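Novice: Quick one: this structure, given as structure tokens, is what I'll be asking you about.
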């Protein structure tokens, strides 16, 4: 029988069949496996493999995607390469951030925190850290401020200090010793450079009384007994002998007080003038006394490498 029509002419809908049917069909073997895996990963706070930062040690830190500076821009600002060349270097796997090779574009970094290496060599991208070479003149004390108001290294940095720049010297040179003194505000690097276990070498040019010969060179290399124990040079060379004086090049990694002067005096050649010309690979060059210059990227990378940074 035809159901009665509504006022608009459409027939009424038939009543819904409420009968419950039982199904004996078996579920698919892999049904909901992907969903279950995603739920398990979420429970463990593990990143999903399709996330941009799935390889990060700290996947909960999503700020890397939006905060910081793009890696290629940081490399360009550090003078490593242009942005386009930096992108090519990233594609080639030549860039490391915090010990991991980066081969995806768009990564953001914090220059003041992250450690960046190019071809295995660390580069300075921390804008807060500064590194200088200072040619300390004779008679200048290795302090930033002298209590007796004597001329000190700090006397040459008064303008920088007034501008709020804080620097300190890496190690010391006694007042009568001239030459290369590193200045920085990077405490970790400074401490490592002075730590005995890294054996960072320093080179000195000593003008001594007496005409030296190979016997002195042999004595310096084999070791000289001092009041506080034996000391020996890693390298020694006679540069010049003239009018009862000699110029000796001495390279060593020890940092005991007045060690070069004491070694040469014990060997019978008292020092008249002593100049430090080299600190690891950083050289004084043609710098005049009292001058200061910034370290270049290769010099800084070499210092980082020497102390395992």
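The values are calculated or read from the model by the stated rules, or taken from the named source; none is laboratory data. Every value quoted in this text rests on a predicted model; they were computed, and no experiment measured them. Please note: Cβ atoms are built from the backbone with ideal geometry, for glycine as well, and neighbour counts cover all protein chains shown.
Novice: Quick one: which of 309, 291 is modelled with pLDDT under 95 and in contact with a helix residue (DSSP H, G or I) (Cβ under 8 Å, 6 or more places away or on another chain)?
Specialist: The unique qualifying residue is 309.
Novice: Would you confirm whether any residue within segment 258-272 is part of a loop (DSSP other than H, G, I, E, B), in the same structural domain as residue 154 (by TED's automatic domain parsing) and closer than 27 Å to residue 195 by Cβ?
Specialist: no
Novice: So, in segment 267-301, how many residues would count as being closer than 27 Å to residue 226 by Cβ and surrounded by fewer than 16 Cβ atoms within 10 Å (Cβ to Cβ)?
Specialist: Going through segment 267-301 one residue at a time, the tally reaches 4.
Novice: Which of the residues belonging to segment 142-196 are in contact with a helix residue (DSSP H, G or I) (Cβ under 9 Å, 6 or more places away or on another chain) and over 23 Å from residue 257 (Cβ atoms)?
Specialist: 161, 165, 166
Novice: Mind listing whichever residues of segment 222-236 are loosely packed, with under 15 Cβ neighbours inside 10 Å, outside any loop (DSSP other than H, G, I, E, B) and at negative phi?
Specialist: Answer for segment 222-236, where residues must be loosely packed, with under 15 Cβ neighbours inside 10 Å, outside any loop (DSSP other than H, G, I, E, B) and at negative phi: 222, 225, 230, 235.
Novice: Tell me which of these residue 176 doesn't satisfy, since it passes every other one: (1) closer than 23 Å to residue 285 by Cβ; (2) in the same structural domain as residue 137 (by TED's automatic domain parsing); (3) buried (at least 17 other Cβ atoms within 10 Å of the Cβ).
Specialist: The number of the failed condition is (3).
Novice: Determine, yes or no, whether residue 285 is without any contact (Cβ under 8 Å) to a residue 24 or more places away in the chain, closer than 22 Å to residue 189 by Cβ and more than 23 Å from the chain's Cα centre (by Cα).
Specialist: Criteria met by residue 285.
Novice: A further question on this structure: What's the total number of residues in segment 82-96 that are buried (at least 17 other Cβ atoms within 10 Å of the Cβ) and touching a helix residue (DSSP H, G or I) at 6+ places or on another chain (Cβ under 8 Å)?
Specialist: Total satisfying the criteria: 5.
Novice: Continuing with this model, one more query. Would you tally the residues in segment 235-251 being within 30 Å of the chain's Cα centre (by Cα) and modelled with pLDDT under 95?
Specialist: Of the residues in segment 235-251, 0 are within 30 Å of the chain's Cα centre (by Cα) and modelled with pLDDT under 95.
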